[in-house]
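Shown next, in structure tokens, is the structure this report addresses.
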Amino acid sequence: MQLLDLPLELFRIILYHSIAVRGMARGVRLRLVNRLFAAEVVETIHTFKMLDQPLASSTTLDKAKPMPHFAASYLKYRVLGEPENGNGVLICIRKVSERLRENMRSSSQEHAHILGLLCGWAVEGQGTLRRIFRTPPHPINEVLSDHVVAAAIRVGNVHITRNWLAEVGRGASGPYSWIFGHSTNLVLRYGTQEIVELFLKGRHIDRCSAFIQAARDGREDLVRSLFNFEIAEFPWRFADPSSNESRSQPLKKALHTPSIAIWNYVLGLRKVHGPQKPVSCRFSTRLLIRCASHGCAVMARHQLHLGADANGNTNTPFLSERPIIDACTRGYPEIVQALLEYNADDDGAMAAAAASGHLAIVKILLDNGCDTTDALVKAVAGGYRDIVELLLDNGVVVKNGDHLQLAIYRVFELEHTALLHLLNERGLGS
């Protein structure tokens, strides 16, 4: 009898022991064997709760161990199956989901969707999973309603939000949920216009801060409504040095936006309310650097058109990273193309793109005749066969054989047989 002919339960037990012996990083790579393995490896990790310990010991600074792509589905599985006397945090997430379901009168299918959203949001939090799965788990000292309100804000549930605001009264600070985030931040970033106005009317958030955050998140309709919110009764005090609206410089900070429409709207406000001076090239360069980090391609090109330095030169020591390197590392091909059109220095760009596995960017850089130094070695070390093949097809060679050998050792660690076969075919495997 062959392995794939075994009963599913026995097959999963074998997979469990294989992953346990190999370690999680190498065990997860068993998914590459075939489609059955791809599905059953993840299912086995779920069934045997194999991510609990790795997640409990993870740190937010350990970039060598990235979060598994199925971390959210794993958390959802654990939340659904946790007994009532089990992990308090998992039970809390389940109760939050149930509370939302009750208020939304949703079906069981919609409830599963809501729970999936909650788990996805929990995974976003820095260190949240570590706090959930550590032994003993992070205690739930907060009132359940704090987590319910935070989740309700993000899911757009006006009913729960309005009831909470009525209970706490005007001016109260929003609840903090370490699982889903601080309610104030959630309102500014994800809240519907109705929820934002509820918080504004109750003086739970500051109009000036909300205006700046909405601009940075590219929420055009919200930016306009915030600026005009109760403006007749409470006009903006940009010219008053004693006011927060003057000190916070909202008409400057709101220009840090990915939206051209918001950019133009704020520029129009500046003409009316000041400052009258035009935006400097240095400011445009700083915004370009931010765009390269966040993937704001349209605004990046706009700032280049306005005179931003394509190499990110602001004469500011802590802003030394060139935008093209950031865009290549993070995987933003449109920004890379725009920077090249404005004559950005491409030194090291292809190596950065190859090291991060961004094939489309490597193609752009090759088409533009960019520097290929270390690109092949970085692609080999990362196990990116498609990039390695592309570079070899374009005549890229390795200048330092020792570096290539170290990269090949990494390929052996990855057990990347297809890449090893390619390297042997091209005479680079020995």
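Among the helices (runs of 4 or more DSSP H) contained in segment 1-120, which hold 1 or more residues that are at pLDDT 85 or above and either touching a strand residue (DSSP E or B) at 6+ places or on another chain (Cβ under 6 Å) or among the β-branched types (Val, Ile, Thr) (or both)? Result: 8-22, 24-28, 35-47, 71-81, 88-104.
Pairing residues of segment 222-242 that are surrounded by 11 or more Cβ atoms within 10 Å (Cβ to Cβ) with residues that are at pLDDT below 90 and part of a loop (DSSP other than H, G, I, E, B), at Cβ distances under 8 Å and at least 6 apart in sequence or on separate chains, gives Arg237/Ser243; Phe238/Gly274. Restricting attention to segment 158-183, the residues being touching an Asp or Glu at 6+ places or on another chain (Cβ under 6 Å) and either outside any strand (DSSP E or B) or exposed (fewer than 13 other Cβ atoms within 10 Å of the Cβ) (or both) number 2. In the set (1) touching a Leu at 6+ places or on another chain (Cβ under 7 Å); (2) over 28 Å from Gln303 (Cβ atoms), the condition left unmet by Ser177 is number (1). Taken over segment 206-221, the residue count meeting the criterion of being closer than 17 Å to Ile153 by Cβ, surrounded by fewer than 22 Cβ atoms within 10 Å (Cβ to Cβ) and either basic (Lys, Arg) or over 21 Å from the mean Cα position of the chain (by Cα) (or both) is 2. When segment 26-55 is filtered for residues that are surrounded by 15 or more Cβ atoms within 10 Å (Cβ to Cβ) and under 23 Å from Arg410 (Cβ atoms), the ones remaining, listed by number, are Gly27, Val28, Arg29, Leu30, Arg31, Phe37, Val41, Pro54. Highlighted here are the helices (runs of 4 or more DSSP H) found entirely within segment 311-416 that include at least 1 residues which are buried (at least 22 other Cβ atoms within 10 Å of the Cβ), under 26 Å from the mean Cα position of the chain (by Cα) and not small (Gly, Ala, Ser): 323-330, 333-341, 349-356, 359-367, 375-382, 385-393.
Every residue, every condition in (1) within 30 Å of Glu413 (Cα to Cα); (2) touching a residue at least 40 places away in the same chain (Cβ under 8 Å), yes or no:
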residue	(1), (2)
Thr285	no, no
Ser293	no, no
Gln303	no, no
Gly312	no, no
Pro333	yes, no
Leu339	no, yes
Ala379	yes, no
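Applying a threshold of 8 Å to beta carbon distances and a minimum spacing of six or more residues, or different chains, the list of pairs starting in segment 185-205 at a residue that is on the phi > 0 side of the Ramachandran plot and ending at one that is of a type in the set (Lys, Arg) and surrounded by fewer than 16 Cβ atoms within 10 Å (Cβ to Cβ) reads Arg203/Arg170. Against the numbered list (1) closer than 30 Å to Arg207 by Cβ; (2) surrounded by fewer than 22 Cβ atoms within 10 Å (Cβ to Cβ), Ala297 comes up short only at (1). The number of residues in segment 388-416 that are acidic (Asp, Glu), under 18 Å from Ser356 (Cα atoms) and at pLDDT 90 or above comes to 1. Considering only residues in segment 133-162 that are modelled with pLDDT of 90 or more and basic (Lys, Arg), the one that is farthest from Trp121 (Cα to Cα) turns out to be Arg162.
The values are calculated or read from the model by the stated rules, or taken from the named source; none is laboratory data. Remember, predicted model here, so these are calculated numbers, not experimental data. Reconstructed Cβ throughout: ideal geometry from the backbone, glycine too, with neighbour counts over all protein chains shown.
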